[in-house]
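Worksheet for the structure shown next.
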Amino acid sequence: MGILNAVNLSKHYGKGDNLVRALDGVNLDVADGEFIAIVGTSGSGKSTLLHLLGGLDRATAGEVWIGGQNIFAMKDEALTVFRRRNIGFIFQNYNLVPILNVYENIVLPVELDGGEIDRAFVEHVISVLGLTAKIHSLPGQLSGGQQQRVAIARALVSKPAIVLADEPTGNLDSITSQEVIGLLKVTSRQFQQTILMITHNEEIAQLADRTIRIEDGKILTGGGGPL
Ligand SMILES: Nc1ncnc2c1ncn2[C@@H]1O[C@H](COP(=O)(O)OP(=O)(O)OP(=O)(O)O)[C@@H](O)[C@H]1O
Ligand SMILES: [Mg+2]
């Protein structure tokens, strides 16, 4: 069993004629330290899968196991703490706190958890992401790509075991995208992190250890265990 497992995972919305099988019986076994790209057309179920794997949403059926723990067996509060300690999320819509500056946004999850901030590492991440000059700016004063980079930094500084990223380079130019993926790969090796990343970019998918292709809520290729 890997660090992350999905067993017959399904998420349905609506009923009767309006039933949408956003996710339909997905099985997945992710090895510790694997870097996985998730690809598929719009509406195929990629974000739904990522949300369930990270325990942001509860499944209609099936299980998610992380580090040997059945996350849907946890109560909401326990799951929230578990998520904060083990998973870094990078969303399509950055979810930055508008009244906090860049630095404060980046260290917020660590502070919420009462954890120690590794300043040298935080500064390294900020520098690689090209945000050093912006640490005192508010999110509203940043471009979309800059906000995205803040969200990436925030997901990395707590050194989570698992990073779940929904198109983390969607708003970045190709050079910055390559750099960000490079950073993800380096930190994942350094901190033995497992990364699952949704992307529409085939070049970026090529950099992953494995690509999972989703269509109509089902895994077409790349499912099951590591190759
Ligand atoms: N809250 C919801 N209520 C009803 N249907 C939903 C809900 N969330 C998602 N869906 C449906 O589930 C399906 C999968 O959506 P999902 O967001 O996972 O797609 P996606 O692969 O991430 O697409 P994109 O590439 O456009 O982000 C879609 O048909 C979508 O309309
Ligand atoms: Mg999506």
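The values are calculated or read from the model by the stated rules, or taken from the named source; none is laboratory data. Not measured: the values here are computed from a predicted model. Note that each Cβ is placed from the backbone with ideal geometry, even for glycine, and that neighbours are counted across all protein chains shown.
Does at least one position in region 126-137 carry a residue that is within 20 Å of GLY54 (Cβ to Cβ) and crowded, with 18+ Cβ neighbours inside 10 Å? No. Condition check for GLU203 on (1) under 16 Å from the mean Cα position of the chain (by Cα); (2) away from ligand 1 (no atom under 16 Å from the Cβ); (3) more than 19 Å from LEU49 (Cβ to Cβ): one failure, at (1). If the condition is being away from ligand 2 (no atom under 16 Å from the Cβ) and part of a strand (DSSP E or B), then region 10-20 contributes SER10, HIS12.
Rundown of residues vs (1) touching a residue at least 40 places away in the same chain (Cβ under 8 Å); (2) touching a helix residue (DSSP H, G or I) at 6+ places or on another chain (Cβ under 9 Å); (3) hydroxyl-bearing (Ser, Thr, Tyr); (4) within 10 Å of ligand 1 (Cβ to nearest atom), yes/no style:
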residue: ALA22; (1), (2), (3), (4): yes, yes, no, yes
residue: LEU56; (1), (2), (3), (4): no, yes, no, no
residue: PHE82; (1), (2), (3), (4): no, yes, no, no
residue: ARG85; (1), (2), (3), (4): yes, no, no, no
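Elements of the type strands (runs of 3 or more DSSP E) sitting completely within region 146-227 and holding at least 3 residues that are over 22 Å from GLY130 (Cα atoms) and in contact with a Leu (Cβ under 9 Å, 6 or more places away or on another chain): these cover 194-198, 210-215. Among the residues of region 123-138, those that are modelled with pLDDT under 95 and either touching a His at 6+ places or on another chain (Cβ under 6 Å) or in a helix (DSSP H, G or I) (or both) comprise GLU123, HIS124, VAL125, ILE126, SER127, VAL128. All conditions in (1) in contact with a strand residue (DSSP E or B) (Cβ under 9 Å, 6 or more places away or on another chain); (2) more than 9 Å from ligand 1 (Cβ to nearest atom); (3) modelled with pLDDT of 95 or more hold for LYS75, with the sole exception of (1). Here ARG213 meets each of (1) within 24 Å of ARG84 (Cα to Cα); (2) out of contact with any His (no Cβ under 9 Å at 6 or more places or on another chain) with one exception, condition (1).
Any residue that is surrounded by fewer than 16 Cβ atoms within 10 Å (Cβ to Cβ), out of contact with any Pro (no Cβ under 7 Å at 6 or more places or on another chain) and at pLDDT below 90 - is there at least one of those in region 150-167? Among the residues of region 150-167, not one is surrounded by fewer than 16 Cβ atoms within 10 Å (Cβ to Cβ), out of contact with any Pro (no Cβ under 7 Å at 6 or more places or on another chain) and at pLDDT below 90, which makes the answer no. Answer yes if at least one residue in region 43-54 is of a type in the set (D, E, K, R), modelled with pLDDT of 95 or more and closer than 12 Å to ALA6 by Cβ, and no otherwise. Scanning region 43-54, I find no residue that is of a type in the set (D, E, K, R), modelled with pLDDT of 95 or more and closer than 12 Å to ALA6 by Cβ, so the answer is no. The number of residues in region 6-19 that are surrounded by fewer than 15 Cβ atoms within 10 Å (Cβ to Cβ) and touching a Gly at 6+ places or on another chain (Cβ under 6 Å) comes to 1. On the basis of being surrounded by 15 or more Cβ atoms within 10 Å (Cβ to Cβ) and either aliphatic (A, V, I, L, M) or assigned to a helix (DSSP H, G or I) (or both), does VAL97 make the cut? Criteria not met by VAL97. With respect to the conditions (1) under 17 Å from the mean Cα position of the chain (by Cα); (2) more than 16 Å from ligand 1 (Cβ to nearest atom); (3) modelled with pLDDT of 95 or more, GLY67 lacks only one, and its number is (3).
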